[in-house]
Amino acid sequence: MPQSTSKRGIGRGIGVAAAIAVAAAVTAPVAAQAAGAADATPAASSKLHDDFNGDGYQDLAVAAPYGKVDGKAQAGYVAVVYGSAKGLDLSRKQVVSQNTPGIPGAAETGDDYGDGLAAGDLDGDGYADLVVGAPGEDVGEVTAAGTLAVLWGGKQGLSGGTAVATGTEQDRVDPQTPALGDFDGDGNLDLATGNRLLSGPFDRTTGAAKSQSLVLEADYVTDDVAAGDVDHDGITDLVALIHDRGDDDLHDPDARHRRAVYLRGTPDGLSAPAPLKNADGTRMRGGESLGIGDVNKDGYGDLVIGRSLDGSGEVELEDPLLKGGQVGVVYGSADGPDTSRTTIVTQETPNVPGGSEWGDGFGRGISVADVDNDGYADVSTGSPSESLGEVYAAGQITLLRGGKSGLTGDGSYSISQNTKNVPGEAEQNDFFGADTKLLDVNGDGRAELFAGATGENRDGGVWAFPNPVNAPTPSGSVSFGAGTLGTVADGSALGSGFAR
């Protein structure tokens, strides 16, 4: 069966730093309750993708998959910080593990709970819910069978949950790449991963209305999955990045191994996977991170593909523009992804800060949203292995602007812990930019920028930039980690992934 590698995966070098110690005491979440009847539906204005408590502000969910829970190493936990008119409200937060009351399962060594997050209203009650993957979860005698659970939103925030997918020896769950969308246009959100499709509506007792296997290709591993309306027909489509399961060199970015497939959403559900091909009939290069958004405002969802692997100078590149990593765009059309219209952005692109160096990891942690409310989707990405001066793998993040010509370097900027007004200091193996997220937590119509640094203080942390329009001097930036969450800093890899 196809299996998944972690899309955020803590990457080249990142895993070494994050795995030195994997311990963090996890606090009980605020207002955690057993799952029960849904609260009354809030006003329509509060029905936002990531709004777990229905107050009209999106909320930030972030993973700490290596966190230690009640003595269980690498059991994992998820932290949620709620939005407000002033941005993230660090006084309103939850830390959820499988030992939290009402949450399915039990914290066990190596579960990696939280390594795979997605947010959306799965039961149609007007509150966003949180999908949580646990790729290392053992089921009976089956090692790392994997599970997916939904934590239910409500007036008090997330509380309780329901297991919606449990792996078997023959059909392991691929929980690290959950993507939510209405793939059949029936008005209910569906949940797709690299190897299965769960159809809505979802029920708090019975889970998904239907579950079926999803085979993208023969003998593959999933790198990332994203949902969006690429052909502008009102039904969500699905795109997946994959590579050969038999490819022993996971750092080899060869296009023959790293590929992309497109599944069109239709009233009858997802179409058969179609490989994306270049004009000459060869397979289009895939990548390791994926987002979908309309960067040129033509009404079609565009594929934004992060290609962070460059072989670190140890393999010969077919494409010299892969050095240091790249962000590629395939523009949407009525026929789906149009591979004749593409854009490549690197750190050598005019007006993009920095320069392309082996192993930077530029293209990691792609997120797509509009940061200035001009109608063009913008793109954030990390380069977590970027060295700053003599500081190895300190990391930085870059914001790229959408516009009439699509994604370009115009107006782009980069931020690191050495940037003025950014908390902290760039240090070796911080891996700042291990993942990024664009999310409007203050309700002003402009997405704010968030970044994770899995190696910060050997435990990880999260940075919030409340006004990216005014960067690169982002006043008002804040960060949080174990001290804010009430956990013990000891290798949790906090910031390795945000909810999709």
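The values are calculated or read from the model by the stated rules, or taken from the named source; none is laboratory data. Computed from a predicted structure; not experimentally measured. As a convention, Cβ positions derive from the backbone with ideal geometry for all residues, glycine included, and neighbour counts pool all protein chains shown. Just so you know, the surface numbers come from the protein's heavy atoms only, side chains and all, with ligands and any DNA or RNA stripped out. Shrake-Rupley method; radii C 1.70, N 1.55, O 1.52, S 1.80 Å.
Residue by residue, here is whether (1) open to solvent by 30 Å² or more (accessible area, probe 1.4 Å); (2) in contact with a strand residue (DSSP E or B) (Cβ under 9 Å, 6 or more places away or on another chain); (3) at pLDDT 95 or above holds:
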{"position": "197", "(1), (2), (3)": "no, yes, yes"}
{"position": "203", "(1), (2), (3)": "yes, yes, yes"}
{"position": "208", "(1), (2), (3)": "no, yes, yes"}
{"position": "219", "(1), (2), (3)": "yes, yes, no"}
{"position": "225", "(1), (2), (3)": "no, yes, yes"}
{"position": "230", "(1), (2), (3)": "no, yes, yes"}
{"position": "233", "(1), (2), (3)": "yes, yes, yes"}
{"position": "239", "(1), (2), (3)": "no, yes, yes"}
{"position": "249", "(1), (2), (3)": "yes, no, no"}
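Residue-wise test of (1) touching a residue at least 12 places away in the same chain (Cβ under 8 Å); (2) of a type in the set (A, V, I, L, M, F, W, C); (3) farther than 30 Å from residue 83 by Cβ.
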{"position": "153", "(1), (2), (3)": "yes, no, no"}
{"position": "162", "(1), (2), (3)": "yes, no, no"}
{"position": "166", "(1), (2), (3)": "yes, no, yes"}
{"position": "182", "(1), (2), (3)": "yes, no, no"}
{"position": "201", "(1), (2), (3)": "yes, no, no"}
{"position": "204", "(1), (2), (3)": "yes, no, no"}
{"position": "221", "(1), (2), (3)": "yes, yes, yes"}
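Please enumerate the residues belonging to the range 445-463 that are outside any strand (DSSP E or B), touching a residue at least 60 places away in the same chain (Cβ under 8 Å) and not β-branched (Val, Ile, Thr).
Residues satisfying the conditions are 445, 446, 447, 455, 458, 459.
Being open to solvent by less than 10 Å² (accessible area, probe 1.4 Å), of a type in the set (Phe, Trp, Tyr) and touching a residue at least 12 places away in the same chain (Cβ under 8 Å), is that true of even one residue in the range 345-359?
So far as the range 345-359 goes, no, none of its residues is open to solvent by less than 10 Å² (accessible area, probe 1.4 Å), of a type in the set (Phe, Trp, Tyr) and touching a residue at least 12 places away in the same chain (Cβ under 8 Å).
What number of residues within the range 185-195 are open to solvent by less than 10 Å² (accessible area, probe 1.4 Å) and part of a loop (DSSP other than H, G, I, E, B)?
Number satisfying all stated conditions: 3.
In the range 264-300, how many residues are surrounded by fewer than 23 Cβ atoms within 10 Å (Cβ to Cβ) and in contact with a helix residue (DSSP H, G or I) (Cβ under 9 Å, 6 or more places away or on another chain)?
Qualifying residue count, the range 264-300: 0.
Pull up the range 460-472, narrow it to residues that are at pLDDT 95 or above and not small (Gly, Ala, Ser), then point me to the one that is nearest to residue 413 (Cα to Cα).
That would be 463.
Taking residue 182 as meeting all but one of (1) crowded, with 23+ Cβ neighbours inside 10 Å; (2) under 19 Å from the mean Cα position of the chain (by Cα); (3) of a type in the set (Asp, Glu), write down the number of the exception.
Every listed condition holds for residue 182 apart from (1).
Check 437, 420 and return the single one that is outside any loop (DSSP other than H, G, I, E, B), touching a residue at least 40 places away in the same chain (Cβ under 8 Å) and open to solvent by 10 Å² or more (accessible area, probe 1.4 Å).
One residue alone meets the criteria, 437.
Taking the range 95-135 on its own, how many of its residues are open to solvent by 20 Å² or more (accessible area, probe 1.4 Å), small (Gly, Ala, Ser) and more than 20 Å from residue 70 (Cβ to Cβ)?
Count: 1.
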